[in-house]
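S.K.: Could you have a look at this structure, given as structure tokens, before my questions?
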Amino acid sequence: VRRFYAMFGDKVSVLNSRLSQGERYDQFKRAKRGEIQVMVGPRSALFTPFSDLGLIVIDEEHEPTYKSENTPRYHARETAIERARMEHARVVMGSATPSLEAYSHACDGEYLLVKLNARYEERPLPQVSIVDLREELKKGNRSVLSLELKRDLEQVLERREQAMLFLNRRGYAGFVSCRACGHVMKCPHCDVSLSEHNGNRLICHYCGYETVKPEICPSCGSPHIGGFKAGTQQIEKVIEKEFPKARVLRMDFDTTRTKDSYEKILASFAKHEADILVGTQMIVKGHDFPKVTLVGILAADLSLNASDYRAGERTFQLLTQAVGRAGRGVLPGEAVIQTYQPDHYAITCAAAQDYKSFYEEEILYRELSGYPPAAHMLAVQIYGKEEENVKQLARRLTDVVKSNMDFLQILGPTPANISKINDIYRYVFYAKHAEYDTLVAVKDCVEETLRQWQPRQLSIQFDFDPVNVL
């Protein structure tokens, strides 16, 4: 916003979640009267009533938050393209790690692809090293910091530079893996990791497959089986113990609850009032700190093993962004990626900052499994206060769809990823097909069935091509 105000002055307005309905209405009125020409904001800014719209820019177009989680569940990318078509405007989407949907459209010639192949002022990319945490275990190192990362932190502090430590907790849903060989417990039907639940149960949130958590690794026989437990607070304590003279800032959900706390932490770090910033994904989003010469990624596997078919894509995007925080000034940068799966293509491609190789590998997996963008997916969610009623309706609706459309691939029904919120139980089933219109027909079939049955105190929602496991 500051940059746009500096360039265009009072022709710019902004929308954000802190505006009241009245303030939002005032900004829309100003736009309609032609008093402003640029609106900066989240996905709702797409509905600004400009009378002569010429350009829509979607920055970081790969972000999952561009998909609304509430009804109507629109995607900002699709909405922007449709509005631009209606008003003969242009859409520019920017990303260092485009979504597979956008890049596949570019490969098919539907979008024009423009590449930036060099950093600003031709600055070099950071030197990236991948640390195999299985080897650290063999050396007797059980700390969240590898020996290499510890050594690099010491050197950064000696040079009076700054470091960022990123705990990759996005999509973390209690996956279970072997600490000795890195083997992850996966669903045999959906190729996503199983989530750990009470009673030592492992569950797939796509098809409902369930098994008992093993006591020894089925791959190597090791007893070192478990989930990742460390959080940002524990990591902050480890840093303070290892480097007592270092000034440490923590940035996560807990430290950014109050108004302006987000900006205060970033401003403090920018002024070099701290040497090390520890945080979750919010610290890797486009920030520019010239004195940051080291980025440590503490648990690359957390998002890689989320029970979501987009896990590889999300991991690649996050790691690429995190690595890119190092060496943005005149000082050269380096990054250390700690992982139990050092050979996984999402990790090796992120380390090399090689999007094309990642895309070519990932799109094959999507095509084999029938996931977007290779095919389309519809999530049908059933909500209600009585779990048995929700479960029964989910099963009956799934059976109706299967009997009417036996050519579809159906997954579920299964309890949702978060199966109960505010005493409301949630079940979901998925339909997959290459043709979007076929899934619209599924929605129509379910709606017609519900009109006939008229179930009480139960609600249904549809989500086409969901961006998160539901």
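Rundown of residues vs (1) closer than 29 Å to I297 by Cβ; (2) charged (D, E, K, R), yes/no style:
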residue: E334; (1), (2): yes, yes
residue: I337; (1), (2): yes, no
residue: Q341; (1), (2): yes, no
residue: I347; (1), (2): yes, no
residue: L364; (1), (2): yes, no
residue: P372; (1), (2): yes, no
residue: V400; (1), (2): no, no
residue: M405; (1), (2): no, no
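S.K.: Let me ask something else about it. Here are some residues: D343, D354, D308. Which one is buried (at least 20 other Cβ atoms within 10 Å of the Cβ), under 27 Å from the mean Cα position of the chain (by Cα) and of a type in the set (D, E)?
M.R.: D308
S.K.: Quick check on segment 435-452: of everything there that is open to solvent by 40 Å² or more (accessible area, probe 1.4 Å) and in contact (Cβ under 8 Å) with a residue 60 or more places away in the chain, which residue is nearest to H75 (Cα to Cα)?
M.R.: The selected residue is Y436.
S.K.: On to the next question. Within segment 253-295, how many residues are modelled with pLDDT under 85 and surrounded by 14 or more Cβ atoms within 10 Å (Cβ to Cβ)?
M.R.: Matching residues across segment 253-295 total 9.
S.K.: How many residues does segment 236-285 contain that are of a type in the set (V, I, T), within 30 Å of L304 (Cα to Cα) and free of Cβ contacts under 8 Å to residues at least 60 places away in the same chain?
M.R.: Here the count works out to 4.
S.K.: Are any residues in segment 372-395 among the basic types (K, R) and either without any contact (Cβ under 8 Å) to a residue 12 or more places away in the chain or open to solvent by less than 20 Å² (accessible area, probe 1.4 Å) (or both), and if so, which ones?
M.R.: none
S.K.: Among the listed residues L302, L298, L319, L331, identify the single one that is surrounded by fewer than 18 Cβ atoms within 10 Å (Cβ to Cβ), at pLDDT below 95 and either in contact with a Lys or Arg (Cβ under 8 Å, 6 or more places away or on another chain) or within 21 Å of E136 (Cα to Cα) (or both).
M.R.: Just one listed residue meets the conditions, L331.
S.K.: Same structure again: Across segment 453-470, which residue is modelled with the highest pLDDT among those that are open to solvent by less than 30 Å² (accessible area, probe 1.4 Å) and of a type outside the set (D, E, K, R)?
M.R.: P466
S.K.: Give just the number: which of (1) more than 30 Å from A270 (Cβ to Cβ); (2) touching a Leu at 6+ places or on another chain (Cβ under 9 Å) does E367 not satisfy?
M.R.: Failing condition for E367: (2).
S.K.: Taking segment 1-38, which residues are aromatic (F, W, Y) and open to solvent by less than 60 Å² (accessible area, probe 1.4 Å)?
M.R.: Once the filter is applied, which keeps residues that are aromatic (F, W, Y) and open to solvent by less than 60 Å² (accessible area, probe 1.4 Å), segment 1-38 yields only F28.
Listed here are the residues, each with its yes/no results for (1) farther than 25 Å from K67 by Cβ; (2) open to solvent by 30 Å² or more (accessible area, probe 1.4 Å).
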{"residue": "E87", "(1), (2)": "no, yes"}
{"residue": "V92", "(1), (2)": "no, yes"}
{"residue": "A96", "(1), (2)": "no, yes"}
{"residue": "E101", "(1), (2)": "no, no"}
{"residue": "Y111", "(1), (2)": "no, yes"}
{"residue": "L116", "(1), (2)": "yes, yes"}
{"residue": "L125", "(1), (2)": "yes, yes"}
{"residue": "V128", "(1), (2)": "yes, yes"}
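S.K.: Any idea how many residues of segment 193-250 are touching a Phe, Trp or Tyr at 6+ places or on another chain (Cβ under 8 Å), in a strand (DSSP E or B) and over 16 Å from N417 (Cα atoms)?
M.R.: Qualifying residue count for the region: 1.
S.K.: Would you pick out the residues in segment 424-455 that are of a type in the set (D, E, K, R) and within 21 Å of G208 (Cα to Cα)?
M.R.: Once the filter is applied, which keeps residues that are of a type in the set (D, E, K, R) and within 21 Å of G208 (Cα to Cα), segment 424-455 yields R426, K432.
S.K.: Is it the case, given these coordinates, that V156 is among the β-branched types (V, I, T), surrounded by 14 or more Cβ atoms within 10 Å (Cβ to Cβ), under 23 Å from the mean Cα position of the chain (by Cα) and on the phi < 0 side of the Ramachandran plot?
M.R.: When the stated conditions are applied, V156 does not pass them.
S.K.: Restricting attention to segment 26-47, which residues are within 31 Å of the chain's Cα centre (by Cα) and over 14 Å from V57 (Cβ atoms)?
M.R.: Q27, F28, S44, F47
S.K.: What tally of residues in segment 186-220 results from selecting those that are among the basic types (K, R) and touching a residue at least 60 places away in the same chain (Cβ under 8 Å)?
M.R.: Looking only at that region, the number is 0.
S.K.: A further question on this structure: Take the residues in segment 390-435 that are part of a strand (DSSP E or B) and among the polar types (S, T, N, Q), then tell me which one is nearest to F464 (Cα to Cα).
M.R.: Top of the filtered list is Q409.
S.K.: Here's a follow-up. Quick one: which residue in R73, R119, R90 is charged (D, E, K, R) and free of Cβ contacts under 8 Å to residues at least 12 places away in the same chain?
M.R.: R119
S.K.: Does segment 165-180 contain any residue that is touching a helix residue (DSSP H, G or I) at 6+ places or on another chain (Cβ under 8 Å), open to solvent by 70 Å² or more (accessible area, probe 1.4 Å), touching a residue at least 12 places away in the same chain (Cβ under 8 Å) and under 22 Å from V248 (Cβ atoms)?
M.R.: Yes, segment 165-180 contains a residue that is touching a helix residue (DSSP H, G or I) at 6+ places or on another chain (Cβ under 8 Å), open to solvent by 70 Å² or more (accessible area, probe 1.4 Å), touching a residue at least 12 places away in the same chain (Cβ under 8 Å) and under 22 Å from V248 (Cβ atoms).
S.K.: Can G231 be described as surrounded by fewer than 18 Cβ atoms within 10 Å (Cβ to Cβ), farther than 24 Å from E334 by Cβ and either under 22 Å from the mean Cα position of the chain (by Cα) or touching a residue at least 60 places away in the same chain (Cβ under 8 Å) (or both)?
M.R.: Considered against the rule, which asks whether it is surrounded by fewer than 18 Cβ atoms within 10 Å (Cβ to Cβ), farther than 24 Å from E334 by Cβ and either under 22 Å from the mean Cα position of the chain (by Cα) or touching a residue at least 60 places away in the same chain (Cβ under 8 Å) (or both), G231 comes out as yes.
The values are calculated or read from the model by the stated rules, or taken from the named source; none is laboratory data. Worth saying up front: this structure is predicted, and the values here are computed from it rather than measured. Positions of Cβ are backbone-derived with ideal geometry, glycine not excepted, and every protein chain shown enters the neighbour counts. When the accessible area is computed, the model is the full protein with side chains, heavy atoms only, and any ligands, DNA or RNA have been set aside. Shrake-Rupley method; radii C 1.70, N 1.55, O 1.52, S 1.80 Å.
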